[in-house]
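Enquirer: Questions regarding the structure given below will be posed in turn.
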Amino acid sequence: MSAEEFVTYLTWVVYVLIFLAVAARAIRRPERTNIDIALFFAATTIVIALSAAALPAIHLITSTRLIAAVNGTLILGLAYLLIRLLDDFAEIPRYLVYVAGAGWLVLSLGLFLWDESPGWLTLLQILYLVGFQLYGALMFVREARRTSGVTQRRMWAIAAGSLLLGLNILVIAPRTAMPGLEPLWDVLSQTLGLASGISYFIGFAPPAFLRRAWQEPELRAFLSRAASLPRLPTTEAIITELERGAAASTGAPNASIGLWDEEKEVLRFEMPDGTPLDYKPDPKLPAGRAWITQQPAFSANTLRDNPDYAEVVSNYRSQATLSAPITAGERRLGVLSAYSPRAPIFAEDDLELVKLLADQAAVILESRALIDEAARVRGREEAARLKDDFLSAAAHDLKTPLTTLVAQTQLMLRRATRMPDAPADVAALQRMEREAIRLKNLVLELLDASRAEQGRLVGTRERVDLAALAQQVGQRHDSRRHPYQLETNGAAVVGEWDRTRIEQLLENLVENAVKYSPEGGPIEVKVWPNEDGRMACLTVSDSGIGIPATDVPHLFDRFYRGGNVDDRQFAGMGLGLFICQGIAEQHGGRIWASSNPNQGSTFHVELPLSANGGEHGG
Ligand code: ADP
């Protein structure tokens, strides 16, 4: 056998193999696309069979005119069948299918009419074949660029096959016109023929190993990202990523995940336009079947199978649908579906892939659920711990004044029984009053802390002059040990605030300044509007014990007390600054502290001024 013959036979074998593969598929799934593919390769196979039968070695038939005409008709038919295929795979003008059909009929008729085809007819036939073949190649290229993954590669291969077949016809034509160069043309045309056969084979009936190799990079990319997915901020973000990954891996334009809603007993999808879609699983749609049977499901023509779902199906532009259940162990979480506007994009072994992706999605969603659950447990523990802190702090702080109060009352009672006429012990009564007030303040602080927590600190707002308020507070706190020094530029700093709360804020800061400066020292308060006149600024500084740097970021936390304060020396629950922060923030302002340990602290407050609050008054 010569090398030439070898190439010819190999090409035949390739084409016949493709025919066998696509014919088997068409028998298994007799859908228009599968049948069209099978017809295309049936035509090539008959041409090959006729050529083989006419071989001198086999000599089943002698090459007659009739056989040549049938052969020509079949070859011309390839162009028409290719256009039909194109119509299945891509969007092309409908009339082209009719033009190609009519062309085939007319040009084939010529083959039977003339003994020796006239030159113009041959030219027309070549133009027809080459034109449609190249057009087909172009359209498959366009389709390839629109898709991704396996589908894209298949489209490229089909495009290449069509181009090579077109070129093949082109080079056969001038063969006879150039005597002497015939062997060269033969080699060229045989090579093109073989190459087109291989390309078509890869495109129309890719062997499983090839599909797997093509899927691998996308799958690998998907899996490598999978580990980080459970940590995305929201479940929606995870779903979106999973959908994107599934679409890329299958090469389908769209994929979507429906999560099971236990309460409503529906699968909740989000449609491509963002609207939620609740779908009660039924066996009609693949997603419902996958959910009910817990097996992957496929529908090549979802709309035809289900006219009731026309709206949904058109929203996904889905003709073919592949669905697989997302199930982690016993827990059924939802369904993953991949959609494609064109059926042949999927093959049966894509079911396997979608199943794999759905399993992966199950693991990711389950991890997410576990992370959420862990956060909830932590949250509950934190809440329980805070409650404990609160109770023990409150009980501890309430106990001391209560004990004093009870002891004093009992003492006075005894005294009153023994000496009913004795004058009232004013000093004892004053002590009792002091303790009762302390108790009342503690309870008020606890109540305010819970209001701060709920964001309910600020009541009625009125025009308040911060400078004047600081002046009033100063009058109550000025002492020799702690001289109160107020610095303003003489202007009013007026805002729309809750007067009582702002006063409370100031009082708290000044009281702390006094409390945490056991050695005495001035309390300096400054009030001024900031440069752009939008904020009232206030600082309260002391020269007391200061705050360790590590405590500064936590001072405003509930129950937080600095590491340098001793409970016995400085009474307190660590709620004052928490409340101050609530007051500042709920007025739209902020509060922070700065300190040089052992040299004193400064507390800074900024409050927004009302629109005309910045104007300077008397
Ligand atoms: P309390 O004074 O009841 O502990 P606060 O919430 O008012 O609660 O203050 C929290 C902590 O902030 C205090 O325990 C103390 O450690 C620190 N702190 C507050 N004001 C000052 C200040 N002027 N100087 C030093 N430390 C302060």
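Enquirer: Among the residues of the stretch 13-48, count how many are open to solvent by 20 Å² or more (accessible area, probe 1.4 Å), more than 41 Å from the chain's Cα centre (by Cα) and touching a residue at least 40 places away in the same chain (Cβ under 8 Å).
Expert: Number of matching residues: 3.
Enquirer: Residues in the stretch 569-577: is at least one on the phi < 0 side of the Ramachandran plot, more than 7 Å from the ligand (Cβ to nearest atom) and modelled with pLDDT of 90 or more?
Expert: Within the stretch 569-577, the subset on the phi < 0 side of the Ramachandran plot is 569-571, 573, 575-577.
If we keep only those that are more than 7 Å from the ligand (Cβ to nearest atom) too, we end up with 569, 571.
Next, only the ones that are modelled with pLDDT of 90 or more stay: none.
The answer is no; no qualifying residue exists.
Enquirer: Within the stretch 599-611, how many residues are part of a strand (DSSP E or B) and more than 8 Å from the ligand (Cβ to nearest atom)?
Expert: 6
Enquirer: Let me ask you something else. Examine the stretch 560-568 for a residue that is closer than 24 Å to residue 487 by Cα and either near the ligand (Cβ under 8 Å from one of its atoms) or surrounded by 17 or more Cβ atoms within 10 Å (Cβ to Cβ) (or both), and state whether such a residue exists.
Expert: The initial filter retains those residues of the stretch 560-568 that are closer than 24 Å to residue 487 by Cα, namely none.
There is no residue in the stretch 560-568 that is closer than 24 Å to residue 487 by Cα and either near the ligand (Cβ under 8 Å from one of its atoms) or surrounded by 17 or more Cβ atoms within 10 Å (Cβ to Cβ) (or both).
Enquirer: Within 10 Å of the ligand (Cβ to nearest atom), without any contact (Cβ under 8 Å) to a residue 60 or more places away in the chain and under 23 Å from residue 478 (Cα atoms) - does that describe any residue in the stretch 579-595?
Expert: yes
Enquirer: Considering only residues that are in a loop (DSSP other than H, G, I, E, B) and open to solvent by 80 Å² or more (accessible area, probe 1.4 Å), which ones fall in the stretch 423-440?
Expert: 423
Enquirer: Select from the stretch 237-255 the residues that are open to solvent by 10 Å² or more (accessible area, probe 1.4 Å), out of contact with any Lys or Arg (no Cβ under 9 Å at 6 or more places or on another chain) and modelled with pLDDT of 85 or more and list them in ascending order.
Expert: 237, 239, 240, 243, 244
Enquirer: Let me ask something else about it. Scan (1) open to solvent by 40 Å² or more (accessible area, probe 1.4 Å); (2) modelled with pLDDT under 70; (3) in a helix (DSSP H, G or I) for the single condition residue 366 breaks and write down its number.
Expert: (2)
Enquirer: Moving on to the next point. Taking only pairs six or more apart or across chains, which ones have beta-carbon atoms under 8 Å, a first residue in the stretch 531-550 that is of a type in the set (D, E, K, R), and a second residue that is more than 12 Å from the ligand (Cβ to nearest atom) and in a loop (DSSP other than H, G, I, E, B)?
Expert: Partner pairs satisfying both residue conditions: 534/609; 534/614; 542/522.
Enquirer: Got a number for residues in the stretch 172-192 being under 18 Å from residue 5 (Cα atoms) and either modelled with pLDDT under 85 or among the hydrophobic types (A, V, I, L, M, F, W, C) (or both)?
Expert: 13
Enquirer: Next question. Is there any pair linking a residue in the stretch 556-572 that is in contact (Cβ under 8 Å) with a residue 12 or more places away in the chain and closer than 19 Å to residue 544 by Cα to one that is near the ligand (Cβ under 7 Å from one of its atoms) and hydroxyl-bearing (Ser, Thr, Tyr), with Cβ under 8 Å and at least six apart or on different chains, and which?
Expert: Final answer for the pair search is 565/516; 570/516.
Enquirer: Kindly indicate whether residue 234 is of a type in the set (Ser, Thr, Tyr), more than 13 Å from the chain's Cα centre (by Cα) and open to solvent by 10 Å² or more (accessible area, probe 1.4 Å).
Expert: When the stated conditions are applied, residue 234 does not pass them.
Enquirer: When you scan the stretch 240-254, how many residues do you find that are closer than 21 Å to residue 350 by Cβ and under 9 Å from the mean Cα position of the chain (by Cα)?
Expert: 4
Enquirer: Continuing with the same structure: If I filter the stretch 494-528 down to residues being over 20 Å from residue 459 (Cα atoms) and buried (at least 24 other Cβ atoms within 10 Å of the Cβ), which single residue comes out as nearest to the ligand (Cβ to nearest atom)?
Expert: Only one residue tops the list, namely 513.
Enquirer: Residue check: is residue 555 over 38 Å from the mean Cα position of the chain (by Cα), within 7 Å of the ligand (Cβ to nearest atom) and more than 17 Å from residue 495 (Cα to Cα)?
Expert: In short, no.
Enquirer: Of these, 377, 443, 406, which one is surrounded by 10 or more Cβ atoms within 10 Å (Cβ to Cβ) and within 22 Å of residue 582 (Cα to Cα)? Even if it seems obvious, please write down each step before you answer.
Expert: Values: 377 fails: within 22 Å of residue 582 (Cα to Cα); 406 fails: within 22 Å of residue 582 (Cα to Cα).
Just a single option satisfies the conditions, and that option is 443.
Enquirer: Is it the case that some residue within the stretch 432-447 is of a type in the set (S, T, N, Q), touching a helix residue (DSSP H, G or I) at 6+ places or on another chain (Cβ under 7 Å) and farther than 30 Å from residue 287 by Cα? Can you show your working first?
Expert: Step one: list which residues in the stretch 432-447 are of a type in the set (S, T, N, Q), which gives 441.
Applying the additional criterion that residues be touching a helix residue (DSSP H, G or I) at 6+ places or on another chain (Cβ under 7 Å) yields none.
No; the residues of the stretch 432-447 include none that is of a type in the set (S, T, N, Q), touching a helix residue (DSSP H, G or I) at 6+ places or on another chain (Cβ under 7 Å) and farther than 30 Å from residue 287 by Cα.
Enquirer: Next up: Among the residues of the stretch 463-485, is there at least one that is more than 20 Å from residue 589 (Cα to Cα), of a type in the set (S, T, N, Q), in a strand (DSSP E or B) and within 16 Å of the ligand (Cβ to nearest atom)?
Expert: Yes, the conditions are met somewhere in the stretch 463-485.
The values are calculated or read from the model by the stated rules, or taken from the named source; none is laboratory data. A quick note: this is a predicted structure, and the numbers were derived from the prediction, not measured. Don't worry about glycine lacking a Cβ; one is built from the backbone with ideal geometry, like all the others, and counts go over all protein chains shown. Heavy atoms of the whole protein, side chains included, go into the accessibility calculation; ligands, DNA and RNA do not. Shrake-Rupley method; radii C 1.70, N 1.55, O 1.52, S 1.80 Å.
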